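The values are calculated or read from the model by the stated rules, or taken from the named source; none is laboratory data. As the structure is a prediction and not an experimental result, all values here were calculated from the model. Note that we place each Cβ from the backbone using ideal geometry, even for glycine, and neighbour counts take in every protein chain shown. Accessible surface areas use protein heavy atoms only, side chains included; no ligands, DNA or RNA. Shrake-Rupley method; radii C 1.70, N 1.55, O 1.52, S 1.80 Å.
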Amino acid sequence: MLQRGLTTGTGGNLSAYSPSDGLYAISPSGIAYDEIRAQDIVVMDLEDNIVEGTQKPSSEYRMHRIFYRDRDDVLGVVHTHSIYTATFGALRQSVKAAHYLVGFGGVEIPCAQYATFGTEELAENAFRSAEGQNATLLANHGLIALGDSVERALDIAEEVEFAAQIYYRARTIGEPIILPEDEMKGIIDKFAGYGRRT
Ligand SMILES: [Zn+2]
């Protein structure tokens, strides 16, 4: 996340789920990414119990747990405060498909209803907004990306942030042409088949 410019300091959080164990590993609260050691990672179950680790889990663990509990396709969650997606979250506007790479997250990236960080309400709002999506914006906050691995979720976060940046920049000098829904659905099908940028 640091190397890809998706966060600074301790902003955002990541987790990976093991469905056979019913456990997920999540980044700790309040430790800079470049200082996190393996033993600082917190392992939790889906009832919010800490199974392993001595650190506090990320304050947003509820927003990770809800996807592992209620969506079979999600095995990795990445939450960022990246600049352009957070900007659209501040406007409470969706990121539209001015660039085809928005398809990593969906036909467009909607914005979840506002709730205070770290709350169950925010987790529920994010879950609802992300239905049928691989990403959603969080109002006045940032982005959450969902994948079948934490690596995939990180890639999705990066592509969606890029698409948000292009949409923003295009709007500053004109009116971007938004790709039609049919075209985006075809693109999403193509993305499902393979990994990163094509
Ligand atoms: Zn956050």
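Brief remarks follow.
- Nearest-ten-degree value, helix 181-193 long axis tilted from longest Cα axis of the chain: 40 degrees
- Within the straight-line cut-off of under 28 Å between alpha carbons, the lysines reachable from LYS96 are LYS185, LYS190, sequence neighbours fewer than 8 places apart in one chain being disregarded.
- For the pair ASP45 and GLU151, a Förster radius of 22 Å applied to the C-beta separation gives a FRET efficiency near 0.45, rounded to the nearest 0.05.
- Accessible area of the chain divided out per residue, in Å², using a probe of 1.4 angstrom: 49 Å²
- Against the main long axis of the alpha-carbon atoms of the chain, helix 150-173 sits at an angle near 40°.
- Pair GLU183, ARG128: separation of 7 Å Cα→Cβ label points (nm): 3.2 nm
- Dimensions in Å of the range 71-182 - Rg and Dmax from alpha carbons: 13.0, 41
- Mean projected area in nm² (Cα convex hull; one quarter of hull surface) for the chain: 10.7 nm²
- Accessible area of the chain belonging to carbon and sulfur atoms, whole % at 1.4 Å probe: 49 percent
- With R₀ set to 25 Å, the beta-carbon distance separating GLN113 from ARG71 gives a calculated FRET efficiency near 0.85.
- Rounded to whole Å, sorted largest first: equivalent-ellipsoid semi-axes of the range 84-142, Cα gyration tensor: 19, 13, 7
- Whole-number percent relative contact order across the chain, with pairs defined as alpha carbons under 8 Å at least 6 apart: 22 percent
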